[in-house]
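Step one of this worksheet: look at the structure below.
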Amino acid sequence: MATLAFLAAGGGFIWPHALQFSVTHAFPAVLVTVRYQGGEVLSYVPVRVVFGDEAIEFQNGRTDRNGSFAFVPDRAGSWKFSADDEMGHLGSCRIDVGADFFSSKPTAEKQPNRAGSDFLLRLLAGIGAILALTGLLLFLEKRRHKT
């Protein structure tokens, strides 16, 4: 009878605990950090990323020790991110990636071509080392003949 009262009070079914998701859009990646409700991160837990309602995963893996997981979306739309610590804590969140995410691509900065100047600098350093070594040998030879 006591067991029946326990089950009736909701003690017989273990409800999965909710998770908190923090999403950062930082082109070209989306970074998701997963935490328990108390704020502790979910380290090394399995995660899945699915685009829309597709049956095939876009990516799967595990969070790092800081509870973070990054993926690089290949198109705009709604992405589903889910995590499960395999101990009853599971959850998912929807991540909307807009077309403007892809237009924020950083432009590649042109670096000046320094290959020629690097070669010249190395050539001058080599000549300087040879002259210094020659001067040292001549000094030692002259000093040996004086004594």
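Footprinting exposure proxy ranking of Ile130, Ile95, Ile56, fewest other C-beta atoms within 10 angstrom first, gives Ile56, Ile130, Ile95.
Estimated at 0.36 nm per residue, the fully extended path between His25 and Thr134 surpasses their Cα-Cα distance by 33.2 nm. Whole-Hz Karplus values for segment 21-28 come out as 10, 10, 10, 10, 8, 9, 3, x Hz, taken residue by residue from phi with 6.51 cos²θ - 1.76 cosθ + 1.60 and θ = phi - 60°; glycine and proline positions read x.
Residues whose amide H lies under 5 Å from that of Thr63, counting only those 5 or more places away or on a different chain, are Tyr44, Val45, Val47; hydrogens are built 1.01 Å from N in the peptide plane. Assuming a ≥ b ≥ c are the square roots of the Cα gyration tensor eigenvalues, decide whether segment 57-99 counts as rounded (a/c under 1.5), prolate (otherwise, with a/b larger than b/c) or oblate. It comes out prolate by the Cα gyration axes. When the trypsin sites (Lys or Arg not before Pro) in segment 29-87 are filtered for DSSP coil states and for at most 14 other beta-carbon atoms within 10 Å of their beta-carbon, the remaining sites are Arg65, Arg75.
Any read-out appearing in this document is the output of simple, stated calculations on the displayed coordinates, not a laboratory observation. Here the structure is a predicted model, which is why all the values come from computation and not from measurement. Reconstructed Cβ throughout: ideal geometry from the backbone, glycine too, with neighbour counts over all protein chains shown.
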